[in-house]
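Below is one structure, written out as structure tokens; comments come after it.
The values are calculated or read from the model by the stated rules, or taken from the named source; none is laboratory data. Keep in mind that what you see is a predicted model, and the values were worked out from it rather than measured. Here the Cβ positions follow ideal geometry from the backbone for every residue, glycine too, while neighbour counts run over all protein chains shown. Just the protein is used for accessible areas: all its heavy atoms, side chains included, with ligands, DNA and RNA removed. Shrake-Rupley method; radii C 1.70, N 1.55, O 1.52, S 1.80 Å.
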Amino acid sequence: MSEVFILDATALISGLDPNIIDRTLWTVAEVIDEIKDPRNKLRIEMAIENKTIKIGRPSATAIDKIQQAAEKSGDIVVLSDTDIKVLSLALDLKEEGHEAVILTDDYSVQNVASRLKIDTKAYTTAGIRYEIKWELYCPSCFHSIEMRNTKRKQLFCEICGTKMKRRPYDKRIRKFKERKK
Ligand SMILES: [Zn+2]
């Protein structure tokens with residue numbers, strides 16, 4: 001069995017260098033969309049172009065299984081659609097006979113993966129540049145709050161009541177926006 005690594009958003013946003021990892025690397029297109037730092041994004045796009053990172057599209061069956069597992073464990077409230085797709089791709093690769101390992105420092109991703117017997121590995125030792133912070137955002141009105149201040153009731157948007165989603169909070173992007181105000 002060949003071992004493959006699946007990268008989640010935390011792994012790539014933290015500046016993990018795909019060129020130093022001696023495995024076939026996979027991720028989903030949605031992860032690439034979450035990378036905001038232009039230099040990091042360029043490096044990742046180059047890695048995709050020279051096939052260091054492969055982009056996979058998870059099957060609907062795998063997505064269903066992951067959603068069910070995440071509902072059972074309660075992780076569904078914090079997992080983003082991107083996280084679900086990363087987990088689903090790992091499940092597909094595992095079922096195709098690969099030894100699939102998700103590189104992630106995210107506790108909820110690790111938790112759901114372990115329920116489906118998918119291995120995970122924290123990448124902190126593999127060249128992390130800065131710590132990921134999280135925010136909750138409203139997919140409907142785009143109101144957002146930092147996750148460390150989050151109490152359970154805030155899982156629903158305080159402006160419009162929509163269920164909030166989690167995403168990595170990119171400090172540099174936030175600073176840029178503040179300057180423009
Ligand atoms: Zn809202």
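Worth pointing out:
- Condition check for SER114 on (1) modelled with pLDDT under 85; (2) surrounded by fewer than 19 Cβ atoms within 10 Å (Cβ to Cβ); (3) assigned by TED's automatic domain parsing to the domain that holds LEU7: one failure, at (1).
- Condition met for VAL28 (modelled with pLDDT under 90 and assigned by TED's automatic domain parsing to the domain that holds ASN111): no
- Residue satisfying all of: in region 161-170; more than 13 Å from VAL77 (Cα to Cα) and surrounded by 12 or more Cβ atoms within 10 Å (Cβ to Cβ); modelled with the highest pLDDT among these: PRO168
- Near pairs, Cβ below 7 angstrom, 6+ apart or cross-chain, from region 89-102 (closer than 11 Å to PRO58 by Cβ) to any residue that is in a helix (DSSP H, G or I): ALA90/ALA113; LEU91/ALA62; LEU91/LYS65; LEU91/ILE66; ASP92/ALA62
- Restricted to strands (runs of 3 or more DSSP E) entirely inside region 1-99, those with at least 1 residues that are open to solvent by 30 Å² or more (accessible area, probe 1.4 Å) and hydrophobic (A, V, I, L, M, F, W, C) are 24-27, 53-55.
- Residue count, region 127-147 (criterion: modelled with pLDDT under 85 and either among the β-branched types (Val, Ile, Thr) or on the phi > 0 side of the Ramachandran plot (or both)): 4
- Near pairs, Cβ below 8 angstrom, 6+ apart or cross-chain, from region 45-64 (within 16 Å of LEU91 (Cα to Cα)) to any residue that is assigned to a strand (DSSP E or B) and among the β-branched types (Val, Ile, Thr): LYS54/THR24; LYS54/THR27; ILE55/THR27; GLY56/THR27
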